[in-house]
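Okay, handing you the structure first.
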Amino acid sequence: MGGYIARRLLLAVPVVLGILFVTFLVRAVIPTDAVTAMYEGQITDQEAEATTALIRAKFHLDQPWYIQFAYYVRDVAHGDLGESVRLRRPVSEEIGYRYVNTLILTLTALLIGIVVGVPAGIIAAARKDTWMDVTAMTVGLLGISMPAFFFGLLLILVFAVWLELVPVVPRGGAALLLPALTLGLIEAAPISRLARSGMIEMLRRDHIRAARARGMGETAIILRHAVPGTLLAILTVVGLQFGQLLGGAFIIEVIFGWRGIGELAVKAIQWRDFALTQAIILVSAFSYLGINLVIDILYVWIDPRVDYSRA
Amino acid sequence: MSGTLAAAPPSRLAWVMDRLWHHRSAQLGGAILAVILLSAAFAEFIAPHDPMAIDTLRRLSPPSATHWLGTDEVGRDLASRLIFGTRYFLMICLVTTVIAAGAGTVLGLISGAGPLVADAVIMRFVDVLLAFPTILLVLAVIAILGPSLLTAMVAVGIGNIPGYARLIRSAALTVRREEYVEAARALGASELRIIFGTVLPNIVSPLIVYTSYAMPLAALAAAALSFLGLGAQPPAPEWGAMLVNARSFLFTAWWAVAAPGLAIFAAILGLNLLGNALRDVLDPRDA
């Protein structure tokens, strides 16, 4: 197991370099020079030229790309993600609390997605081809077809305006309710579909048929044999869905004014604040990589039967 | 053979079309997409009003006989805008899929059926791209190129290349071991000819099945980008972009939000229904 973890970490090294390179590109091939963006319309052309030369030298923009890349990697390694030209402060300060906000939102949504989606998928599989299955799958189909931003607006309209169950501009914990519900319910759709297909496959296995032959009740078979067996499949789903969830969070944050990194990313692109954009993409990609690493390791822990020597 | 064996065996395409024709889900999805296709083709004749015509006296008026779905914040007819919006929807589906499937297929084929060095290089590259959730890749491309509809489509297309490349590579690896590929090689066919003449036609099925998943997701992503102001820009009657301004009037004029929102929902549902049917017919494992 220790060997597997070490190997898995080693395999992540080229990916980390790749992530660094792609995010480096965001700032390296920008069409408008960051310097011009910083002082647009505030100074004369001559002043701009002189300042530009100074700043280009300060940020190593006058060096060849591979030197710039080396500087970039060094800075990231030191936790220096640059300074936001728009906010006029270190990017890491701004990203810190927003990252936590996004984490709160996505994890709550993931929890809702699992709590709603997994049982729905399991029941649908256990009662395959009955009205319960058809209902669950129809709702699931509607769910994967629903644009997250439209669903969010619908929930605001229904819960805040028509039913008046939550304030239109909520505070504190209430502020989390609608965005997490929007994201979680949208996420429940693919989760239920994947849980269902995993469960159907599981119910065809020999040990389930053997249990059935021994006269074990169907409910007991499902709860004691089939569900634990699908845990791995569900874990895979969670890993796969985390990327989706992140994409969804970006949109949901904008709709609900949730101050996370997604909302910041959209602003950063509109501001042409490349250091900020770059940092958000970098931090998100590293988080995604980290989560998938953890899930890969959990795999071995949950299911030691699988031979990972080739992994 | 004499003329007594009149009926030739039906082609695979005819067989697939016949199965789809009788598939409930395909009928429903096909009907939705047919409405979209017809609207796009004949928008000028169907639309009751000019989709760009501003009428400040009729701002945010509710659905009525003259304006079936009501009007938006500057008095433009929502129904007409939805009808013209079908063109954007189809263009987005087409462009994103052509970029993703095109580049993904070429990379996947070279990787799966070409020289080993190419495989190693391409797959490391794909691994890195796969380490990014699609949204981040898309945002990176938009950050570099600047927000516009074209950028959004290119970005979503690029974001989906790694998935296609991975799929086509494994399909090509499987096909490569088939006897008919051995036969082609024994007959002296060149590697290029084997890849594009023999391997490619035999991976069309998985390509279509994958597209049935990827296309609705791509269309949703593009609409979301427009909604965020990173794709199609108002006043274009693109459905996602129509929501940008309508959003502010959610409490007073819900129809301005509901119309484009439901249009996106219905269109994506159509793609998903057709996709489900296609998978039933083409991919027996998924039944």
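Using only Cα atoms, locate the centre of the range A:129-200 and the centre of the range B:51-112, then give the distance between them in Å, rounded to an integer.
Spelled out, the Cα-based centre of one part sits 24 Å from the other.
What's the magnitude of the charge dipole for the protein assembly as shown around its Cα centre, counting Lys and Arg as +1 and Asp and Glu as -1 at the beta-carbon? Answer in Debye, nearest 20.
Here the size comes out at about 1480 debye.
Can you run phi through the Karplus equation (6.51, -1.76, 1.60; θ = phi - 60°) for the range A:75-89 and list ³J(HN,Hα) in whole Hz, with x for Gly and Pro?
Each residue of the range A:75-89 in turn: 4, 4, 4, 8, x, 9, 9, x, 10, 6, 5, 7, 7, 6, 8 Hz.
If the only charges are +1 at each Lys and Arg Cβ and -1 at each Asp and Glu Cβ, what is the size of the charge dipole of chain B around the Cα centre, to the nearest 20 debye?
Values: 18 positive and 17 negative charges, 50 e Å.
Its charge dipole is roughly 240 debye.
Could I ask something else about it? Relative contact order for chain A: what percent, with Cα pairs under 8 Å and sequence separation of 6 or more? Please report the intermediate quantities before stating the final value.
Details: 303 pairs, mean separation 80.9, N = 311.
Relative contact order of chain A: 26 percent.
Helix-only mean residue ellipticity at 222 nm, chain A, DSSP H runs n ≥ 4 weighted -39,500 (n - 2.57), per residue, nearest 500. What is it?
Estimated from H runs of four or more residues: -25000 deg cm²/dmol.
Can you pull the semi-axes for chain B, root of five times each eigenvalue of the Cα gyration tensor, sorted largest first, whole Å?
That gives 42, 25, 14 Å for the three semi-axes.
Under 15 Å from the Cβ of residue B:248, count the other residues' Cβ atoms, weight Lys and Arg +1, Asp and Glu -1, and hand me the total.
Surrounding charge for residue B:248 is 0.
Putting +1 on Lys and Arg Cβ atoms and -1 on Asp and Glu Cβ atoms, find which of A:215, A:235, A:188 reaches farthest to the positive end of the dipole of the range A:93-302.
A:215
So what is Rg over Rh here for the protein assembly as shown, counting just Cα atoms and using Kirkwood for Rh? All intermediate terms of the calculation are to be shown ahead of the outcome.
Working: Rg = 26.1 Å, Rh = 26.5 Å.
That ratio is 0.99, to two decimals.
Then there is this: Compare A:210, A:126, A:12 in a GNM of chain A, Cα atoms joined below 10 Å, and give the one with the largest fluctuation.
Highest fluctuation of the listed residues: A:210.
Now a separate question. ³J(HN,Hα) across the range A:291-299 via Karplus (A = 6.51, B = -1.76, C = 1.60, θ = phi - 60°), whole Hz, x for Gly/Pro?
With coefficients 6.51, -1.76 and 1.60, one gets 4, 5, 4, 4, 5, 4, 6, 4, 3 Hz.
I'd like the Kirkwood hydrodynamic radius of the range B:166-273, using the inverse of the mean 1/r over distinct C-alpha pairs, in Å.
Computed over Cα pairs of the range B:166-273, the Kirkwood hydrodynamic radius comes out at 17.0 Å.
Just name one of A:18, A:294, B:215: the one whose Cα is farthest towards the positive end of the charge dipole of the protein assembly as shown (beta-carbon charges, Lys/Arg +1, Asp/Glu -1).
A:294
Given H placed on each backbone N at 1.01 Å, which residues far from residue A:84 in sequence or on other chains put an amide H within less than 5 Å of it?
Those lying under 5 Å, H to H, from residue A:84 are A:89, A:91.
Here's something else I'd like to know. Tell me, what is the percent relative contact order of chain B, built from C-alpha pairs under 8 Å that lie six or more residues apart?
25 percent
Considering the dipole of chain B built from charges on the beta carbon (Lys and Arg +1, Asp and Glu -1) around the Cα centre, which of B:69, B:133, B:86 is farthest to its positive end?
So the residue we want is B:133.
Could you line up A:122, A:67 from fewest to most neighbouring Cβ atoms inside 10 Å?
Listing A:122, A:67 from fewest to most nearby Cβ atoms yields A:67, A:122.
Follow-up question, since we're still on this one. Mind listing the long-range amide H neighbours of residue B:74? Cut-off is under 5 Å, sequence gap 5 or more, other chains count too, H placed in the peptide plane at 1.01 Å from N.
The answer is B:60.
Cα atoms only: what Rg and Dmax, in Å, come out for the range A:93-302?
19.6, 67
Only Lys, Arg, Asp and Glu count, each charged at its Cβ (+1, +1, -1, -1), so figure out the dipole size of the range A:93-302 about its Cα centre, rounded to 20 debye. Mind dumping the intermediate values first?
Details: 15 positive and 13 negative charges, 131 e Å.
Its charge dipole is roughly 640 debye.
Follow-up. Convex hull volume of the Cα atoms in the range A:13-170, per residue, in Å³?
215 Å³
Same structure again: For chain B, what does the helix formula give at 222 nm: sum of -39500 (n - 2.57) over DSSP H segments with n ≥ 4, over the residue count, nearest 500 deg cm²/dmol?
-22000 deg cm²/dmol
Each value in this text was obtained by applying a stated rule to the coordinates, not by laboratory testing. None of the values given here were measured: they were computed from a predicted structure. Methodologically, a virtual Cβ is constructed for each residue, glycine included, from the backbone with ideal geometry; neighbour enumeration extends over all protein chains shown.
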